[in-house]
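Shown next, in structure tokens, is the structure this report addresses.
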Amino acid sequence: MRLTVTQVDLTQPTAPAAASSATLPANRELVIKARKGWIPVDFRELISHRELLAFLVWRDVKVKYKQAILGFAWAILVPVIQMLLFTFIGQAAGFSGKTSAPYSLYVYAGLLPWMFLNASITNGGLSLVSQQSLLSKIYMPRLFIPMSTIGTAFIDMLLSGIVFAGIFAWHGYVPSGNIVYLPLLFILLILMAHGLAFMLSALTINYRDVRFLIPFLAQILMWVSAAVYPPRIFSEKQMGILDFNPIYGVISGFRSALLRDEPWHPRALIFASVFAVVMFFWGMFYFKKAERRFADIA
């Protein structure tokens, strides 16, 4: 909470504001008030404290894999196991004939952005509740708390991307030339993840019921976003409705950028881009609006 400090002269209430500090009496009172209205984001403060953000990310990474027998290997094993599981289910259901690439590559191309968004929704949404001591005992840019969980998820995604390259080599599959658009899709994904994490973390600290809703919400989003199966199993009308799911827009964009003969879905991608930008600024706005009460209710 940003504070405004006002000096009140008790002995000379009508003293001119231009009087020097040497002529003011020692008997003064400090009145501390919270600033009214929306507190803007202090980007200069965020930049000056960037080393703190890097420390929080590294701390989260170490805590996540501390005393784990396999350590960082879990960041590789989890998506691989999920890919094998969903590949087996998809082939048993006859979905493998509805993709233009090997089905394991198709599934992994959807899991890669989804697991990043899932970590942003779950870990980012619960970040303020799980680190209440940082809210009440010290001052720091509190936006860094959900941002640090996204940094950890991004490191996991980079490790999973190395495995993805190995799966490409295993199948002898050459990625699409559209892979040059992958950096833009990463920016879109990161904007959406930050916006969702900002909004959900602020909601969770204000309304504790939200923490029970977040894992359930993440499971629903995975299935309604076609993250682990081809949307071609739906009718053309149903696929048109799917275009208005912003998470599907990002996932389909990753598949189109990585896999040959996988068509782009312009309407889904445009809607996802608009949603990501709006959610980023709205999430930050709501976070800053709710921030003034964090220390009181944490």
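The values are calculated or read from the model by the stated rules, or taken from the named source; none is laboratory data. This structure is a prediction, so every number in the text was calculated from the model and none was measured. A quick note on method: Cβ atoms are made from the backbone with ideal geometry, for glycine too, and the neighbour counts reach across all protein chains shown.
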Pick from the stretch 201-257, criterion surrounded by 14 or more Cβ atoms within 10 Å (Cβ to Cβ) and hydroxyl-bearing (Ser, Thr, Tyr), ranking: farthest from Phe144 (Cα to Cα): Tyr229
Does Gly90 fit the bill of being at pLDDT below 90 and surrounded by fewer than 15 Cβ atoms within 10 Å (Cβ to Cβ)? no
Which of (1) in the same structural domain as Ser120 (by TED's automatic domain parsing); (2) at pLDDT below 65; (3) among the small types (Gly, Ala, Ser) does Gly97 not meet, given it meets every other one? (2)
Which one of the conditions (1) small (Gly, Ala, Ser); (2) over 30 Å from Ser130 (Cβ atoms); (3) assigned to a helix (DSSP H, G or I) does Ala290 fail to meet, given that it meets all the rest? (2)
Here is a list of conditions, (1) in contact with a helix residue (DSSP H, G or I) (Cβ under 7 Å, 6 or more places away or on another chain); (2) part of a helix (DSSP H, G or I); (3) of a type outside the set (A, V, I, L, M, F, W, C), and Gly166 meets all of them except one; can you say which number that is? (1)
If you scan the stretch 199-254, which residues turn out to be out of contact with any Gly (no Cβ under 8 Å at 6 or more places or on another chain), polar (S, T, N, Q) and in a helix (DSSP H, G or I)? Asn206, Gln219, Gln238, Ser252
Within the stretch 90-108, track down each residue that is in contact (Cβ under 8 Å) with a residue 12 or more places away in the chain and assigned to a helix (DSSP H, G or I). Gly90, Gln91, Lys98, Tyr103, Ser104, Leu105, Tyr106, Val107, Tyr108
I want to confirm something. Restricting to the stretch 201-234 and keeping residues that are among the hydroxyl-bearing types (Ser, Thr, Tyr) and out of contact with any Pro (no Cβ under 7 Å at 6 or more places or on another chain), which single residue is farthest from Gly97 (Cα to Cα)? Tyr207
